[in-house]
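Data block below; observations after.
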Amino acid sequence: MNARLSTETTELAIAELKTLLGARASTGLSVLDLHAGDESHHDRHRPQIVVSPETTAEVAEIVKIAARYRVPITAFGAGSGLEGGAIPIQGGISLDTARLDQIIEVRADDMIARVGAGVRRLDLNRVLRDTGLFFPVDPGANASIGGMTSTGASGTNAVRYGVMRENVLGLTVVTADGNIVKTGSLARKSSSGYDLTRLFVGAEGTLGIVTEIAIRLHPIPDAISAHAGFATLAGAVNAVIDIKRAGLAIGRVELLDQPLVGVINRRGTWQLPALPTLFFEFHGTQSEIAALSDTIAAIVSEHGGTPLQWPGPGEGTVRLWETRRDVLSWARGERPGSTSWPSDVCVPISALADVILETRADVDRSGLTAYIVGHVGDGNFHCVFKYLPEEAEQVAEVSGRIVERAIAAGGTASGEHGIGLGKRKYLEAEHGAEAVALMRSLKVALDPLGILNPGKVVPDPEPAH
Ligand SMILES: Cc1cc2nc3c(=O)[nH]c(=O)nc-3n(C[C@H](O)[C@H](O)[C@H](O)COP(=O)(O)OP(=O)(O)OC[C@H]3O[C@@H](n4cnc5c(N)ncnc54)[C@H](O)[C@@H]3O)c2cc1C
C-alpha cells in the first residue's frame, strides 16, 4: 500500500500543482527545508514540493493530483510536533495549511467556533477575547488547530477542559480520493452513526486532510495560581492523586521535578525552594477559590508539601505559567549542542507515582541529563532528555523502557504527542496484534494507494514469505 515515487511521475505531479496553484506551489530549496522537519529529534527529510492551498476545494484538487501520480502527501500545520508526524519521510508533497487560516464563524451563544485548519490557537484566542470565551486546549506551542486535531493534542488545561477529542465537534476532511467529507454536527452531543470525527482526530494526516474544524469554546475563567514544594517527588504526585480523588476542580496542575526547579533557580529571575514542585491554577469565583485552596493546602501539607505560595494575580501568575512554558528551553540552553527528546507516556493515575519514581531512578542510573515535567492531573508526564549526539543510543534505550513501563501499568505510549515515527514500534504492545491489524485495514480502506503521510502511525505489515 505504499505510494510509489518515480522521478517522472513526480515531475508530472509537480507541473500540475504549479499550474493549479502558481506561486503557492514551491520547489525553492529554502521552502522545502522549512518543511523537512518539525520540533522532534527525528531526522529531517525534504519534500519535493510545498503547496499552500487556500480552500478545501483546492486541497481536494491537490489530493486528486497526488492520487493520480501516486505521490505521497503529508500535511504540515505549524511544524511544532514532537514525533516527526509532519516530516515527509518519503518525499513528495508537503501540504502547508497556513493559508487555511479563516475563522469561519464564532457562535458565541452556542459556545462554538468553526475554523480553518491553519488557524493558530493563540490567534484564535486573541480574536475570541472580546466574546468572553476561549479555546482551552493548550499544547504550549502556537500550534495550528488542524495539527492539534490530528495529533489529539492536549496540554496544561486538559485536566479541566479535556483534550482535542472532547473539544472537536465536527470536521471537514479531504479523503485520499479527493472527496470532501463533513463529519459531526454543531450539536453538543450525538448518537448518530459511526463517529467519523474521532476517527480523524489523532490520525496524524494518515486517513485524510482536515480543512475545517468545529470546536467547543468555554467561558474565560477567573483564575489564580499558586505553587508548593514537596519533600519528595512521591509526595507531590500523591497529593495530585488525592486532589483528583476528592473531585476538586482545578484548572491546571503541573509537576516539575527537583532538577528542573534547579534550572529555574539558576536562571535567576525567580527563586523557588529547591524541591519537587507543583504549579496550580484555580478557577472560579473568589469564594469558590478560597474554599478550594484551603482543602488543597491541607492535602498538600499531608503529603509533605510547603504552604501554598501565591505569586499574586496578574504579573505573578503570568510569570509562573511563562516559566512553565519556557523552562525546558532554558534547560536545553544549559547543555550547549544538546537535542531534546521528550517521552510522553500516560498511565492510570493510581500507577503514576510508581512509574514516575522508577523513571527518575532509571534516568539517574543512566547518568543522562533529563527532567520530569508533567500534566500529572491526567496521569501524563514527560521525561525530557537533553542529550548530545553520542548519547542518542542510550536515550533511545531509557526512553524505550519508559514506554514499556507505562504500557505494563495499563497506560499508553503517547498521551498527547502522537505516534508519528518514534512510537510505531510500540503500537502492537499497547493495542495487541488484532487491533493493529484493524487499524491497518482502516488505513487501507481509506487510503488504498498509501499516499497519505506514508510511514507514520501504523507499522508496516511483516513482509509475506
Ligand atoms: C515547546 C513545545 C511544547 C509542546 N507541548 C505540548 C503539550 O503540552 N501537549 C501537546 O499535545 N503537544 C505539545 N507539543 C507538540 C505540538 O505542539 C502538538 O503536537 C501540536 O498539536 C502540533 O500541531 P502543529 O500545527 O504544529 O502540527 P504539525 O507538527 O505540523 O503536524 C502534526 C501532525 O499532524 C498532521 N497534520 C497537521 N495538520 C493537518 C491537517 N490539517 N490535516 C491532517 N493532518 C494534519 C501532520 O501531518 C503531522 O502528522 C509541544 C511542542 C513544543 C514545541
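The values are calculated or read from the model by the stated rules, or taken from the named source; none is laboratory data. Since this is a predicted model, take the numbers as computed values, not measurements. A quick note on method: Cβ atoms are made from the backbone with ideal geometry, for glycine too, and the neighbour counts reach across all protein chains shown.
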Specify which of the listed residues (THR277, THR269) is β-branched (Val, Ile, Thr) and over 25 Å from the mean Cα position of the chain (by Cα).
THR269
Residues within the stretch 347-391 that are more than 14 Å from GLY411 (Cα to Cα) and not β-branched (Val, Ile, Thr), tallied
23
Please go through the stretch 346-359 and give me each residue that is surrounded by 19 or more Cβ atoms within 10 Å (Cβ to Cβ) and away from the ligand (no atom under 13 Å from the Cβ), ordered by number.
VAL347, LEU352, ALA353, VAL355, ILE356, THR359
So for the stretch 183-205 (the condition being modelled with pLDDT under 95, part of a strand (DSSP E or B) and not aliphatic (A, V, I, L, M)), does at least one residue qualify?
no
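Confirm whether SER350 is under 20 Å from ILE264 (Cα atoms) and in a helix (DSSP H, G or I).
In short, no.
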What number of residues in the stretch 110-133 are among the acidic types (Asp, Glu) and surrounded by 15 or more Cβ atoms within 10 Å (Cβ to Cβ)?
2
With the condition kept exactly as written, say whether any residue in the stretch 325-337 is exposed (fewer than 13 other Cβ atoms within 10 Å of the Cβ) and over 26 Å from SER40 (Cβ atoms).
no
Restrict the check to the stretch 443-465 and report whether at least one residue is of a type in the set (Lys, Arg) and assigned to a helix (DSSP H, G or I).
yes
Condition test on TRP310, is it in contact with an Asp or Glu (Cβ under 9 Å, 6 or more places away or on another chain), farther than 17 Å from ILE241 by Cα and either in contact (Cβ under 8 Å) with a residue 24 or more places away in the chain or not assigned by TED's automatic domain parsing to the domain that holds ILE241 (or both)?
no
Restricting the stretch 135-170 to residues that are closer than 14 Å to VAL119 by Cα and of a type in the set (A, V, I, L, M, F, W, C), the residue that is farthest from the ligand (Cβ to nearest atom)
PHE135
Restricting attention to the stretch 108-130, does a residue exist that is within 11 Å of the ligand (Cβ to nearest atom), outside the structural domain of ALA13 (by TED's automatic domain parsing) and without any contact (Cβ under 8 Å) to a residue 40 or more places away in the chain?
yes
Quickly run through the stretch 65-86 and pick out the residues that are of a type in the set (Ser, Thr, Tyr) and more than 8 Å from the ligand (Cβ to nearest atom).
TYR69
